[in-house]
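Input: a single structure, listed below in structure tokens.
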Amino acid sequence: MQIVHTIADLRAALAGRGRPAFVPTMGNLHEGHLSLVRLARRHGEVSVASIFVNRLQFLPHEDFDSYPRTFAADCAKLEAEGCDIVFAPGEKDLYPEPQTFKVQPDPQLADILEGHFRPGFFTGVCTVVMKLFQAVFATSGGGAAVFGQKDYQQLMVIRRMVQQFALPIDIIAASTARAGSGLALSSRNSYLSDDQRVQAMALSQALQTLAQAARRGGNLAELEAQAMAGLRAKGWEPDYLTVRQRSDLLAPADATQGELVALGAARLGSTRLIDNLEF
Ligand code: PAF
């Protein structure tokens, strides 16, 4: 496995190696990320994982400084998984000057849910992903990139960006890896105490209960409010628990039918977790 830190070295490492399959990450890798790498290896001739904690997608009060940085352990896991190239740029490699040009995603999709509670988040994500795509795919002229379904809205925003900019990149969705308790694997789970880890399964359970109730019918806004109250009673601070159409993340006219998704974001102590459930 090669480890490179600059775009020039990455392009040199990729030259002549065929179609890349790319997994962008912010490091602190867990089984969920490794499942993305395994999937990526089926979709390209050379697998690339990036490790970069992207300052642009964090709000000033968020956990950019404390975000776990576990580079050596991450590389060992990637090597064991058969990843070919790790791209780990420093901030100056990816942002050699202040990033004044940014990718502004469609506000209809990016200013709701996560974008509402984390303003500017998707601009930061799209901007860095566009830069990473340029770094990884410029020599091959295209390839595949794998994103986890746990970050449901992010996956949709990236798909839309790729479509609107006609990028020659196949976006592959990977299903959410979960602990036995149902808790979606996330780098931020490492912030949870042992007790909180047990409590944390309540988020996926609340989404299941909400999805079942929505299918049975009734006032969706009331069902969502009940779901949030239920989580609050268990000590969480929910940002949202909601049922949306899979196609555009807008509220459905009738939740008893159609392709829907229940999405939630909530804080347990100081840790903000997100999850979703298609139904
Ligand atoms: O999902 C993530 O880990 C990040 O948002 C991503 C896609 C690596 C961009 O920084």
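Read-outs throughout are calculated quantities, based only on the coordinates presented, and are distinct from any laboratory measurement. Keep in mind it's a predicted model, so treat the numbers as computed, not measured. As a convention, Cβ positions derive from the backbone with ideal geometry for all residues, glycine included, and neighbour counts pool all protein chains shown.
Take the Cα radius of gyration of the range 1-92 and divide it by 2.2 N^0.38 Å, with N its residue count; two decimals is plenty. Could the numbers behind the result be given before it?
Values: Rg = 13.4 Å, N = 92, 2.2 N^0.38 = 12.3 Å.
It is 1.09.
What is the angle, in °, between the Cα long axis of helix 31-41 and the longest principal axis of the Cα atoms in the chain? Nearest 10 is fine, range 0 to 90. That helix lies at roughly 50 degrees to the long axis. Tell me the angle of helix 201-216 to the major Cα principal axis of the chain, expressed in degrees between 0 and 90 and rounded to the nearest ten. Helix 201-216 and the main axis of the chain meet at about 60 degrees. If I take R0 = 30 Å and measure r between the Cβ atoms of Gln208 and Gln99 in this structure, what FRET efficiency does the formula 1/(1 + (r/R0)^6) give, to the nearest 0.05? For Gln208 and Gln99, the calculated efficiency is 0.15.
State the volume of the convex hull built on the alpha-carbon positions of the range 142-236, expressed per residue in Å³ and rounded to an integer.
Working: hull volume 12.7 nm³, N = 95.
Output value, Cα hull per residue: 133 Å³.
Extension gain, Asp111 to Ser66, is 13.6 nm, computed as 0.36 nm per intervening residue step minus the present C-alpha separation. The mean of 1/r over all distinct Cα pairs in the range 239-279, once inverted, gives the Kirkwood hydrodynamic radius of 10.8 Å. Arranged from fewest to most other beta-carbon atoms within 10 Å of their beta carbon, Lys92, Lys131 become Lys92, Lys131.
Loop-located chymotrypsin sites (Phe, Trp or Tyr not before Pro) in the range 105-182 (DSSP state other than H, G, I, E, B) with a sparse environment of at most 15 neighbouring Cβ atoms within 10 Å: Phe165.
Once the convex hull of the alpha carbons of the range 22-65 is built, what does its volume come to per residue, in cubic angstrom?
Values: hull volume 3.3 nm³, N = 44.
That works out to 74 Å³ per residue.
The share of Cα pairs per 10 Å bin across the range 181-262, counted from zero up to the longest distance, runs 18, 45, 28, 8, 0 percent.
Using a 10 Å cut-off around each Cβ, can you sort Ser190, Ser66 from fewest to most neighbouring Cβ atoms?
Numbers: Ser190 13, Ser66 9.
Arranged by neighbour count, lowest to highest, Ser190, Ser66 become Ser66, Ser190.
Summing charges over all other residues whose Cβ lies under 15 Å from the Cβ of Leu34, with Lys and Arg as +1 and Asp and Glu as -1, gives +1. Only helices enter this figure: runs of n ≥ 4 DSSP H residues, each worth -39500 (n - 2.57), summed and divided by the residues of the chain, yield -11000 deg cm²/dmol at 222 nm to the nearest 500. Its convex hull of Cα atoms gives the chain a direction-averaged projected area, equal to a quarter of the hull surface, of 14.4 nm².
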